[in-house]
Amino acid sequence: MEKDDGITERSNELMDSFVSGFTLGLSLILAIGAQNAFVLKQGLKKQHVFLVCSICAASDAFLIFLGVSGFGVIVEQYPSIEKISRFAGAIFLFVYGLKSFYSAYHNSHTLNPEGEAQTSRAKIALMCLAFTWLNPHVYLDTVVLLGSVSTQFDNARAFGFGAITSSFVFFFSLGYSAQILIPIFKKPMAWKFLEAFVGVLMLGLAVSLLV
């Protein structure tokens, strides 16, 4: 009986750690940001959705693993990592934001996934990596914050696995559920609004990184 109680208690600890990691990880990525907006647009276009979602989720998984393994301390000791990614990310977001404004102003197209010109897989992958790895907040959220919180749990691995699971669930849900909105974005004005919104979001994030 005592052995069964010990197994049950262990199972409860693992589940509590997993749920806590899943909940906190999901709360950190729910807010609309540059990366999420990019995933949404690719989902609407039906272009390399699996690749984009996989890169985003796998990147989060790797960074969360580093944080849970104790590498958050290294990031805190070398602030130059954060500074370099901050300025590089600001430049990238600024350029992408201007591109979105240009598209919103000059283009008047409807969304037709079947007829959309396919952007090369390599280009999409590089853009997705840039949105992910040039964002300094991703290091603070995954490596530092999740890594620090994981130390409060008896089973940090279960906590980290929960956070990693939340990333996979979120990005694949976002990428593929975006297709539900395709009928709306077949209207030119809806697509213009999205491009303008993305432009404002990107420029706002770029300024916030510099300020």
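Throughout, read-outs are computed from the coordinates displayed, never taken from laboratory work. Quick caveat, the model's predicted, so the values are computed rather than measured. Don't worry about glycine lacking a Cβ; one is built from the backbone with ideal geometry, like all the others, and counts go over all protein chains shown.
At a 10 Å Cβ-Cβ cut-off, how would you order ILE164, ILE184, fewest neighbours first?
Listing ILE164, ILE184 from fewest to most nearby Cβ atoms yields ILE184, ILE164.
Could you tell me the distance between the Cα centroids of region 122-140 and region 149-203, to the nearest Å?
That distance is 14 Å.
For THR165, THR151, which order do you get if you count the other beta carbons within 10 Å of each Cβ and list the fewest first?
Lowest to highest Cβ neighbour count: THR151, THR165.
Over 30 Å between Cα atoms, which of LYS46/LYS99; LYS123/LYS187; LYS83/LYS187; LYS46/LYS83 qualify?
The pairs that break the limit, which is 30 Å between Cα atoms, are LYS83/LYS187; LYS46/LYS83.
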